[in-house]
Amino acid sequence: MKIAFSSEQRQMIGAVREVVQANFIRRGTRWMDGTFPWENMAELADLGVLGMAVPEEYGGLGLPVLDTALVLEEIGKGCYVTAMAVLGEVGVQVRVISTYAPQSIKDRILPGVVTGKNILAVCMTEPHAGTDVPNYRTNTKIMNDRVVVNGVKTLISRAPEAAMFVVFTRVNDQPGREGIGCVLVDAGTPGLEVTGNYHTMGGEYLHEVRFENVELPRENLVIDRDGMKMLLNAFNTQRCLNPAISLGMAEGAFDESLKYAQDRTAFGRAIGDFQGMRWKLADMYKDIEAGRGLLYRAAAGANPFPDPFLAATAKIFCNEMALRVTSEAVQIHGGYGFTDEYLVSRHYRGARYGTLGGGTSETLRDLIGKRLMKDGDMGDGILSRVLDMG
């Protein structure tokens with residue numbers, strides 16, 4: 001299957017690649033202590049990257065899922081921390097605001113996302129529930145023209161920098177999936193507090209966010225029932241963007257490993273001349289190309305959201321492939337690969353996140369298995385299924 005890139009796609013990828021290779025790689029160690037990469041984000045805002053998911057009427061580009069995945073892939077080659085920061089500006093939270101928020105909030109928030117002024121945070125995971133969304137305890141109570149939010153979210157990215165929090169919450173204590181909604185909370189609202197700080201092996205911080213009698217206008221409750229279904233639709237997009245970063249890190253690690261294998265000598269010859277090293281590089285390349293095919297197919301078919309079956313398949317493969325490839329990259333670099341100064345070390349640590357965020361590999365394998373069992377009859381086999389999916 002061949003995907004022909006447009007001149008606009010090539011131009012965007014080329015512009016992002018230039019800034020990543022020229023600036024992001026050499027700055028990479030700056031962000032390992034949890035410092036937010038504002039400098040990188042400003043350069044990407046100038047290229048229009050932060051507005052990829054923002055509709056054109058608010059100054060964004062309104063790009064398809066595939067274009068967004070291609071850009072994240074390119075950023076992932078150079079800096080995991082920056083790629084994750086960008087993911088927050090092109091993922092679930094932007095799509096929730098642009099689709100469901102009242103006009104006043106769209107007008108106030110979305111133009112600032114495009115310029116990099118407004119960083120967004122999505123609040124989903126709770127101390128006792130991650131993937132188990134129907135058991136969230138955070139609750140929003142409707143009180144005439146106001147709503148009041150109480151609860152705790154944890155492992156939240158970009159919380160200290162966020163201008164707005166997109167919070168998935170129970171509404172009026174309604175139980176189960178049907179009781180899930182979504183509320184928008186501005187930073188600085190009384191009762192909102194960013195507390196716990198968890199420094200990750202990838203470099204960035206995750207945080208705990210508490211809501212104690214946070215009172216908001218009724219219009220800030222943008223989804224008041226059955227939000228689980230809407231959340232899962234949006235997450236099919238996230239399940240193409242998360243693996244795009246994994247694919248980029250694998251590619252970046254491979255590129256560094258190939259150069260190192262050509263330049264590093266042992267016993268009088270390049271280490272790439274040894275069969276063991278050549279086989280490592282061959283397997284790395286094979287895995288990257290397989291992951292690329294799965295991801296591009298899932299992203300290209302989005303209308304407007306990717307097929308959940310294809311997105312889950314691409315995410316599992318790319319996430320786990322990146323772990324294998326970056327691990328081999330460290331091995332090829334020997335002791336140098338274990339140091340922060342080498343890009344492969346940072347990619348190896350960043351790659352570990354992929355299978356955890358946006359749906360764990362275990363959850364997605366179960367999703368795929370259930371779909372296969374539900375469909376039952378394979379008809380004329382897997383090829384017929386592929387042709388049906390387009």
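Points worth noting:
- Rounded Å value of the spacing that divides the Cα centres of the stretch 1-72 and the stretch 143-212: 27 Å
- Ascending count of other beta-carbon atoms within 10 Å, so fewest first, for LEU364, LEU356: LEU356, LEU364
- Summing +1 for each Lys or Arg and -1 for each Asp or Glu among the other residues whose beta-carbon sits under 10 angstrom from that of ARG292 gives -3.
- Theoretical gain in end-to-end length, ASN150 to GLN275 [0.36 nm per residue, Cα-Cα removed]: 39.0 nm
- Annotation: average projected area of the chain is 20.1 square nanometres, based on the convex hull of Cα atoms across all directions.
- From helices alone, the chain scores -16000 deg cm²/dmol at 222 nm; the rule is -39500 (n - 2.57) for each run of n ≥ 4 DSSP H residues, then divide by the residue total.
- For the pair SER7 and ASP340, the difference between a 0.36 nm per residue extended length and the Cα-Cα distance amounts to 116.2 nm.
- To the nearest ten degrees, helix 308-333 and the longest principal axis of the Cα atoms of the chain are 40 degrees apart.
- Of the residues THR326, THR35, THR237, the one with the fewest other Cβ atoms within 10 Å heads the list, and the complete ranking is THR35, THR237, THR326.
- Computed label-point distance, nm, for sites THR195 and GLU57 using a 7 Å Cα→Cβ extension: 4.1 nm
- Each Lys and Arg contributes +1 and each Asp and Glu -1, all at the Cβ; summed about the Cα centre of the stretch 300-370, the dipole is approximately 80 debye.
- Here's the picture: a label point sits 7 Å out from the Cα of THR131 along the beta-carbon direction, and within the stretch 189-228 the residues with their amide nitrogen under 20 Å of it are 228.
- Normalised contact order of the chain, rounded percent, pairs of Cα under 8 Å and 6 or more residues apart: 16 percent
- Ordering ASP307, ASP255 from the fewest to the most neighbouring beta carbons within 10 Å gives ASP255, ASP307.
- Global form of the stretch 119-224, assessed from the alpha-carbon gyration tensor, a/c cut-off 1.5: oblate
Bear in mind these aren't lab numbers, they're just calculated from the coordinates by the rules spelled out. Computed from a predicted model, the values in this text were never measured in an experiment. Here Cβ is always computed from backbone atoms with ideal geometry, including for glycine, and neighbour counts include all displayed protein chains.
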